[in-house]
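Let me begin by presenting the structure, written as structure tokens, before commenting on it.
What follows draws every value from the coordinates through simple rules; no lab data is involved. Note that the coordinates shown come from a computational prediction; the quantities given were computed from them, not determined experimentally. FYI the Cβ positions are ideal-geometry reconstructions off the backbone, even for glycines, and counts take in every protein chain you see.
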Amino acid sequence: MAKDHADQVLDRELKELPADLRWREWMRRIEAVLFASASLVSREDLARVVGQGVSVDLLVDDLMADLEGRSFEVARVAGGWTLRTRPAYAAAIRTAADLGDQDVDLREYDVAVLAAIAYHQPITRDGLKDIFGKEISRDLIGRLHARGLIGTGPRSPQRGAPYTYVTTQQFLVSFDLESLQDLPDREQLEDAGFGVT
């Protein structure tokens with residue numbers, strides 16, 4: 001209900017402003033929404049604060065250009081946008097604040113299993129066993145699940161209907177991917193020593 005009230009108060013069209021100032025105001029609104037949001041913001045959510053028919057993508061592109069050279073940036077990940085600190089400033093942030101352990105910090109084998117899930121999802125533990133030639137521990141699956149990198153997918157149509165595993169939105173965010181189509185080519189991973197056949 002509060003959202004309905006806010007919609008009535010917000011002048012999306014800004015017809016009283018000249019075109020260039022209108023565009024700048026829409027950019028600032030998008031920046032404010034991204035700044036205030038603790039999670040990814042969708043195109044649909046951003047479209048609620050700008051005029052009807054206005055290209056959110058073009059506004060975000062202009063905002064990205066406007067923020068060039070700043071310590072933070074707009075990033076498109078997992079089908080949405082977020083405002084984040086540029087990687088070059090990570091050491092300064094870690095030095096100034098106790099942020100705890102926010103790194104993904106996975107072992108090479110864990111990354112290989114995660115990559116296999118990403119490329120073959122939905123996949124069962126038996127499917128992972130076929131890829132790696134050995135049983136994948138429930139502990140490893142549990143760690144990946146606890147970090148929010150994988151979730152359970154649909155039950156497999158096999159006998160016993162085992163659970164399948166899929167990657168999550170957190171996986172996309174953690175590896176800075178907009179979608180699964182942004183995964184590296186399998187040949188590149190195999191050349192780097194990660195077997196995800």
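Helical runs assigned H by DSSP (4 residues or longer) give the chain a calculated mean residue ellipticity at 222 nm of -13000 deg cm²/dmol, each run adding -39500 (n - 2.57) before division by the residue total.
Would you please calculate the Kirkwood hydrodynamic radius of the stretch 50-153 over all C-alpha pairs and express it in Å, rounded to one decimal?
Here the Kirkwood hydrodynamic radius works out to 17.3 Å.
If the chain linking residue 36 and residue 24 were pulled fully straight, counting 0.36 nm for each residue of separation and taking away their Cα-Cα distance, it would gain 2.5 nm.
Running a GNM on the chain with Cα contacts under 10 Å, which residue among 25, 108, 73 ends up with the highest mean-square fluctuation? Top of the fluctuation ranking is 108. Going 7 Å from the Cα of residue 16 along its beta-carbon direction, which residues of the stretch 41-77 have the amide nitrogen within less than 17 Å of the resulting point? 51, by backbone N distance to the label point.
Reported to the nearest whole Å, the Cα centre-to-centre distance from the stretch 41-88 to the stretch 117-186 is 30. Identify the trypsin sites (Lys or Arg not before Pro) of the stretch 1-84 meeting these criteria: DSSP loop state and at most 15 other C-beta atoms within 10 Å of the C-beta. The qualifying sites are 12, 15, 48, 70.
Compared with the alpha-carbon gap, the fully stretched path from residue 89 to residue 109 is longer by 4.3 nm at 0.36 nm per residue.
Residue separation times 0.36 nm, minus the C-alpha to C-alpha distance between residue 161 and residue 181: what's the value?
In short, 4.4 nm is gained.
When the label point is put 7 Å from the Cα of residue 57 along its Cα-to-beta-carbon vector, which residues of the stretch 72-89 have a backbone N closer than 15 Å? Zone members listed by number: 76-77, 79-81. Using the Cα gyration tensor of the stretch 1-89, with a ≥ b ≥ c the square roots of its eigenvalues, what is the shape: rounded (a/c below 1.5), prolate (a/b larger than b/c) or oblate (neither)? The shape class here is oblate. For the chain, rounded, prolate or oblate, judged on the Cα gyration tensor with a ≥ b ≥ c (square roots of eigenvalues), a/c < 1.5 rounded, else prolate if a/b > b/c? Prolate.
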